[in-house]
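The block underneath contains the structure these notes are about, expressed in structure tokens.
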Amino acid sequence: MLLEGFMLRALAGGIGIALVAGPLGCFVVWRRMAYFGDALAHGALLGVALGFALEVDPNLTTLAAFVLFALILTGLQGRQELATDTLLGILSHGALAMGLVAVSFMDPLRVDLMGYLLGDILSVSVVDLAWIFGGGALVLVVLAALWTNLLTMAVHEELARAEGVPVAAMRLVLMMLMSVVILLAMKIVGILLITALLIVPAATARHFARTPETMALLAAMFGGMAVLGGLFASLTWDTPSGPSIVAAAVLLFSVSALARGLVQR
Amino acid sequence: MRLAKPPPSPPPSSPQTLPGGPPLIASHGLFVEAGGNTVLSGVEMEVRPGEIVTMVGPNGGGKTTLVRALLGLQPLSGGSVTRRPGLRVGYLPQRFQVDIALPITAGRFLSLASRADAAQREEILREVGAAHLIGRMLANLSGGELQRVLLARALLKQPELLILDEPDQGVDVTGRLDLFDTIAGIRSRRGCGILLISHDLHLVMSSTDRVICLNGHVCCSGHPSSVVRHPAYIDLFGTRAASGLAVYTHEHDHTHSEAPPPEGAP
């Protein structure tokens, strides 16, 4: 296998993301926020398009799009006429559609649409790595510090509230952590498949875990394995990196589900 | 005998003083509105140390809303709630269900609630008859088992007031009798006040000191045997409910055969 600089950077970046996405992904699974992750990720495309249109750093406009989304969602959730998944669906697909329309007006040489949608892990730079490991460490520190509160809330939100957990603040923190991870992971797996990196390793880990903590650790491990396998496939068969990583993660999930089913018989 | 460490702040009132002393918690002219509807209007109620107060009433009558208001989870549109300063409350919420995706044992779930050590957790689980559940996955427990684990969790903080929102849901009739025995036992051992929501007044009757019948407002309240004869109670639940009570109060041994099928049981 070629171990050139870009390859090492890709590996380091991918594994860095997997280590953070695993534990955070557990909360996405426990709190059923998968659709919310999709909506955020699609909002990122709108943010990127906005950045190019306004000629400012797309990372900034993407962050702005996240904040806007979080506000819209919090505002809409209080109303009872429509279920949250319907609202999320409108927001999510609306953002994706508008993002795609906006990007179509732009010079294809300036905006690498496929790179944003499907990820371009082989172009990870040293600066990207610094962001991934710096931001990733921050996310893990916050998760660890608030672990008991977040876990109590995942078990039962009303009970957590009655026991004095600041539920609204915790919800906001989870939203922000997801935004950060999506921003960091955009280059690795792309906007369309980011949620998979959050939920598939966590779901795989569920097959083997008996405590929330082992589930978080195993999710990080399975994510790392998916990155290794996906990158290897991407290099060998020249397939796009993001889909290859997610395909590897789903393969791991299927094998573990089958193994688990056989053991239980 | 129970050998719990002495609690940090004032100990639970001793059974000798029951049911007396100033109220643990009380509502004064409480109003709650939700979505333009008045859910509760002018509710006056209180729970004193060592007494079991049972709240009954039709669905949508505002029982859970009142509990949430007492806990400070529900904004009030009028009136007030007073709590004894520093009151420790244990709460068992309605419709508790743990996502199967979250792997957590009953023991770990208890450890999330407080820094009590493992021995204390086991002891409290034994008190509610759930010691054998400590290593079981929370999501795999039956309705009755889960309620006992929740009860243990509520007791971990040495509460002076227990608020139990339909602890008998998802529990069959035999299990309900056991559960209410356990709850009555907790009261007599610990002397804490208990506010209980139940659909089945007949079963909780024998261990209840006071009944509050709630349907948007307090329709009637008092000793269970007087409440069931109250016109407002009969209006709400019909004469059959009132006469059915006689069977339960006088023939405790035969509740299994004479009990109606549990409503809404799956």
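Miscellaneous remarks
- Pairwise Cα inverse-distance average, inverted: Kirkwood Rh of the protein assembly as shown (Å): 26.1 Å
- In chain A, a dipole from Cβ-located charges (positive for Lys and Arg, negative for Asp and Glu) runs towards its positive end, and of A:LEU146, A:ALA64, A:PHE133 it is A:LEU146 whose Cα lies farthest in that direction.
- In chain A, the DSSP-assigned H stretches of four residues or longer account for a calculated mean residue ellipticity at 222 nm of -27500 deg cm²/dmol, using -39500 (n - 2.57) per stretch and the full residue count as denominator.
- Separation of alpha-carbon centers, segment A:171-225 and segment A:47-64, rounded to whole Å: 25 Å
- For the protein assembly as shown, the Cβ-based charge dipole about the Cα centre amounts to some 1060 debye (Lys, Arg positive; Asp, Glu negative; other atoms uncharged).
- In nm, spacing of pseudo-spin labels at B:SER142 and A:HIS93 (7 Å Cα→C-beta vector): 4.4 nm
- FRET efficiency for B:LYS157 and A:VAL263, using Cβ-Cβ distance with R0 set to 35 Å, rounded to 0.05: 0.35
- Charged-residue dipole, Cβ positions (Lys, Arg, Asp, Glu), segment A:49-164 about Cα centre, Debye nearest 20: 100 debye
- Within chain A, the selection of entire DSSP H helices by a Cα span of 24 Å or greater along the long axis and an average Kyte-Doolittle value of at least 0.0 returns A:5-30, A:34-54, A:58-77, A:84-104, A:126-145, A:167-189, A:212-237, A:241-264.
- Restriction of the trypsin sites (Lys or Arg not before Pro) in segment A:103-185 to DSSP coil positions whose beta-carbon has at most 10 other beta-carbons within 10 angstrom yields A:ARG110.
- Legend: calculated FRET efficiency, B:ARG115 to A:TRP237, from the Cβ-Cβ distance at R0 = 51 Å, rounded to 0.05, equals 0.45.
- Chymotrypsin sites (Phe, Trp or Tyr not before Pro) within segment A:102-153, DSSP loop, no more than 12 other Cβ atoms inside 10 Å: A:PHE105
- Positive-pole candidate from A:SER241, A:PRO108, A:MET33, dipole of chain A, charges at beta carbon: A:MET33
- For segment B:67-178, a Kirkwood radius taken over Cα pairs fed into Stokes-Einstein (4 °C, viscosity 1.567 mPa s) yields D = 86 µm²/s.
We did not get these values from a lab; they are worked out from the coordinates using the rules stated. Remember, it's a predicted structure, so these values are computed and weren't measured experimentally. Neighbour counts run over all protein chains shown; Cβ positions are idealised from the backbone, glycine included.
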